[in-house]
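The values are calculated or read from the model by the stated rules, or taken from the named source; none is laboratory data. Please read all numbers here as calculations on a predicted model, not as lab measurements. Here Cβ is always computed from backbone atoms with ideal geometry, including for glycine, and neighbour counts include all displayed protein chains. Side chains are part of the model used for accessible areas, which takes the heavy atoms of the whole protein and leaves out ligands, DNA and RNA. Shrake-Rupley method; radii C 1.70, N 1.55, O 1.52, S 1.80 Å.
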Amino acid sequence: QEAELEERLVELDLRNDSDVPDVPPASDSTPEILKAALSGLSARWKNWWIRGILSLAMISGFFLIIYLGSFMLMLLVLSIQVKCYHEIITIGYRVYHSYDLPWFRSLSWYFLLCVNYFFYGETVADYFATFVQRREQLQFLIRYHRFISFALYLAGFCIFVLSLVKKHYRLQFYMFAWTHVTLLITVTQSHLVIQNLFEGMIWFLVPISSVICNDITAYIFGFFFGRTPLIKLSPKKTWEGFIGGFFSTVIFGFVFSYFLAQHQYFVCPVEYNSETNRFVTECEASELFQMKKYPVPPVLQPVLGW
Amino acid sequence: NLQESESENKLDGETASDSESKSEFGGSAPVPTSDDTPEVLNRALSNLSSRWKNWWVRGILTLAMITFFFIIIYLGPMVLMTIVMCVQIKCFHEIITIGYNVYHSYDLPWFRTLSWYFLLCVNYFFYGETVTDYFFTLVQREEPLRILSKYHRFISFALYLTGFCMFVLSLVKKHYRLQFYMFGWTHVTLLIVVTQSHLIIHNLFEGMIWFIVPISCVICNDIMAYMFGFFFGRTPLIKLSPKKTWEGFIGGFFATVLFGLLLSYIMSGYRCFTCPVEFNNDTNSFTVDCEPSELFQLQEYNIPLVLQSVVGWKTLRMYPFQIHSIALSTFASLIGPFGGFFASGFKRAFKIKDFANTIPGHGGIMDRFDCQYLMATFVNVYIASFIRGPNPSKLIQQFLTLRPDQQLHIFNTLKAHLVDKGMLGSLEEA
């Protein structure tokens, strides 16, 4: 098996993609109940319906969690991050057939833990200052936070160096790099998402909704009016969908922000109240969220009538 | 005989994968490094045997590098910063070139441009943050700089995004995987090389001693471990570097700690090394002038009774910084070598003997700096956790940029706090 692995590495001539391993087709995980309900329809409409139902389910789940509050949103973001990380790492394992290196699974998860610890520690120290001041152990952890995180990371690094096995150097370095790039992508961005959340839920909701809306409206415009292909990489995207999606998303963003900006729940920075031990979103609405009169430019006045 | 001369040349124990199974050579045999030694040296040493000649070449180049190091220290912080930047660019170039050779990706012209573009973006981001921090008043005075620094993050992100979009648009049908590999390779290299070089510059600004002592400790550990290994070496340390020995490791550790103590003792006496580097707006130059902090004032320490009988002194006058230098030397000797092992593993994985041929006898710049990277991060983290307190002048700078009503709010809170502590006496509410 080792000889086979070596041969595969030698053959890893990447000038063409011919050696991409065949991924077994994803098994159909549609729940039985949906299948039974839709058994009458043709294959194309059936797919449409499944996608539609799942989209609605995700959007409802999203609304539910928004209702439950900032803390649940933070947990949701964390779970999504862990799942994304797992998915990308699994792809790496499959590409490199590196399931045989047991250390590596543990090391990848360990690095995820370290980087999350570092980022969450910085966030917690910032936002929960009053909570932290009261507890002695947390004080110690916060004061030496960078040192502790660095020490944890170093331990992983040294274990990686010690785990280098003679015939698998390149494989192990590839997985090390793969892990780090994945961490860079998933973990840092998820923490930026959480920081946006703490600025005010509206800064979390409006961007995410705009992206979702763009996805959906670009698809719909493309479905009905699509003709000119956009880019070779995604043959189904069209210029009509792209531009139609752009305008619909701008209008959607406009309307959605109008509704959200009126509620303190969405607009206020999330703060931690140490007395009630809960997150509160109550504040003086900042200038951004107070109604103002804007003069309509003379060009548009005859058009709109205002 | 190529193998024999190659094994003689590997004085630092990094064997290429000659001894590994032949099948791994496959399509990528290592390019034999051409002899870069200057003609002068070649002639002067032509009489000696090949082994001693190599020793001499390495020795002379080592002395040349150390002398060069002293010269640039003398020239001051600005030159040091420039040198750090040049080293960083050269390291980036070396690692990217290795990537190109591994992946035969010279055929993709976009990629060279994109890699350098990303290097530029990330450097722009980091240098911008540093400049905004340390040259605050200068930046505020010049109008274009002020705008650049106000929207700095946005501009950097826009630049990076442009590069990202160019990458996506440049994806060519049959070369997807290659391009993604190079993209990943570029980013990991940036992560290693650029972030660490900026941590080095932060250390430098903290005080030249925080730059010089760690680097010297790593160099000293390299040399001492080699010497101890040469004279006393017997038990091999790790399979990855067959020539490293436990005797060298432990001997190097103690020698480095002693060296660190001595060097810190000498340097702590001079203000130009211990003071934070500041930019003087009036003279438009760097100044290193300040009241030495507690770390750099001699203090009496009581020697524990156990050692008193041995040493014969009751107390010892030391700088507190020397205690910190023990921590730095320990890290340099115990964990620093892991950086070297990492680089050895990397070279074996990609079947190269050296990162490049820049320095005769030593290899590339990365070969000399592989242990320094971990050290720089450690020093930065160490300073942030154990040394640096809140910076009052920085707080005042930030305070002055606030709106007047925010300033008033802070002023009132501060006043109430100080009155509470009894520092302001009993002032009446304004």
| task | For segment A:200-290, state the semi-axes of the equivalent ellipsoid (square roots of 5 times the eigenvalues of the alpha-carbon gyration tensor), sorted largest first and rounded to whole angstrom. | result | 38, 13, 8
| Unsatisfied cross-links (Cα-Cα over 20 Å) in the set A:Lys232/B:Lys174; A:Lys166/B:Lys353; B:Lys53/B:Lys347; B:Lys90/B:Lys347; B:Lys239/B:Lys353 | B:Lys53/B:Lys347
| How far apart, in nm, are the 7 Å Cα→Cβ label points at B:Arg388 and B:Leu75? | 2.7
| request: Determine the per residue accessible area of segment B:255-313 with all protein chains present and a 1.4 angstrom probe, expressed in square angstrom. | output: 66
| note | So for R0 = 30 Å, FRET eff. of B:Tyr176-A:Ala151 from the Cβ-Cβ r, to 0.05, ends up at 0.15
| Using only the Cα atoms of segment A:259-304, what do you get for the radius of gyration and for Dmax, in Å? | 17.1, 55
| said: Modelling each spin label as a point 7 Å along the Cα-to-Cβ direction, I'd like the B:Leu424/B:Leu262 distance in nm, to one decimal. | reply: 5.5
| Quick one: buried accessible area between B and A, total over both chains, 1.4 angstrom probe, nearest 100 Å²? | 3700
| To the nearest 0.05, what FRET efficiency results for A:Thr276 and B:Ala416 with a Förster distance of 25 Å applied to their C-beta separation? | 0.55
| request: Could you state the accessible area per residue of segment A:88-199 in Å², with a 1.4 Å probe and every protein chain left in place? | output: 48
| query | Mind listing which trypsin sites (Lys or Arg not before Pro) in segment B:254-355 are in a DSSP loop and have 11 or fewer other Cβ atoms within 10 Å? | reply | B:Lys314
| query | Among the residues of segment B:225-246, which ones have their accessible area go down by 40 Å² or more when all the protein chains sit together, as opposed to their chain alone (1.4 Å probe)? | reply | B:Leu240
| message | Whole percent per 10 Å bin, from 0 to the bin with the longest distance: what is P(r) over all C-alpha pairs of segment A:172-242? | response | 18, 25, 26, 27, 4
| request: Work out the mean other chain Cβ neighbour count within 10 Å for the residues of A:142-155 and drop it here as an integer. | output: 3
| How large is the convex hull of the Cα atoms of segment A:88-199 per residue, expressed in Å³ as a whole number? | 98
| Tail beyond 27 Å, pair distance distribution of segment A:126-257 (Cα, percent) | 55
| field | Label-point gap, in nm, between B:Ser293 and A:Trp49 - each point 7 angstrom along Cα→Cβ | value | 7.0
